[in-house]
Amino acid sequence: MGFGTGIAYSLSEPLKTQIMKKLITTIAIGFILLGAKAHPGSELKLKMFDNGIFSVVLDEKPSYGQSAFFSKDHIKPGYHKLKVIRFVNTPYNYYAAKQVVYKGWINIPAQSVVYASINCHNQFDIVKVEPKCFPPSHGGGHGHGHGHGNGHGGGGWYDDDEYGYEGNGWNPAPPMPVCLDPADFMQMKSSIAAKAFDSSRFEIAKQALDYNHFSAAQVVDLTRLFSFDSSRLEFAKMAFVKTLDKQNYFLVNDAFTFESSIEELNEYIAKK
């Protein structure tokens, strides 16, 4: 009996080790799968600057739809290929012409909701990035109970299947800011240039900033209307918050005479 017991004991130790290794592996795989379900990736929400109709090809996979809003979940963090195709009505509305307005790479951060738009210069602009909560929060304020947790109740961004419709618990989406129309911009520019003094020009330009949005190129044109760098600098600071393509604001540097004005503007922008 003792000899038999000894053999059984010597065989059980390797078996126990193998069983423990398999058990640990199984548990580890379970945690990985659980983590994948708990953290399904990031989300992209995209619109045109003027709420135009478009379709999307993300990572060479078409969205198979035309809408004023695109939403995609379960996106892995990192760089992705994005192509945005806009649909524009032709004369007499015989058909909708297709136009590729953006084609490039975008970077999606981990566990985030990325709100973005294609601006009036056909550039990909990230409007804001919010952390994606796990498990989903029910504090979004829209009353549906599916817990996006990204403040939908305040208006502005919606899922594509419920975007902009009344009567379903959602507020209608406010329009995205749009650059001032070129014709209106030229008329406003002429009005400012007609004034003899910087003080008068500044008052008109300030009124325009209160009610309009501009591109960086338009801000350059307006800044150059002032005679002195001090006026140019003051206007450029005020115009920054009303500029849609802020990533191009370095263009405004060309409007200044002195390097000190450029440095002061850059310091001001860095603090915003």
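Only the coordinates and a few stated rules stand behind these numbers; no lab work does. All values reported here derive from a predicted model rather than from experimental measurement. Glycine gets a Cβ as well: all are built from the backbone with ideal geometry, and neighbour counts include every protein chain shown.
What nm distance separates the two modelled labels at R224 and E130, each placed 7 Å from Cα along Cα→Cβ?
4.1
Multiply the residue gap between A97 and E259 by 0.36 nm, knock off their C-alpha separation, and tell me the result in nm, one decimal place.
Details: separation 162, 0.36 × 162 = 58.32 nm, distance 4.64 nm.
Between A97 and E259, full extension yields 53.7 nm more.
Determine the alpha carbon to alpha carbon distance for each of K81/K128; K47/K83; K45/K242; K189/K272; K45/K83; K103/K246 and list only those over 24 Å.
Numbers: K81/K128 20 Å; K47/K83 13 Å; K45/K242 22 Å; K189/K272 27 Å; K45/K83 14 Å; K103/K246 20 Å.
Violating the 24 Å limit, Cα to Cα: K189/K272.
Between rounded, prolate and oblate, where does segment 182-270 land on the alpha carbon gyration tensor, with a ≥ b ≥ c its root eigenvalues, rounded for a/c under 1.5, else prolate if a/b exceeds b/c? Walk me through the numbers on the way to the answer.
Numbers: a/c = 1.83, a/b = 1.23, b/c = 1.48.
Oblate shape, in that a/c is at least 1.5 and b/c is the bigger or equal ratio.
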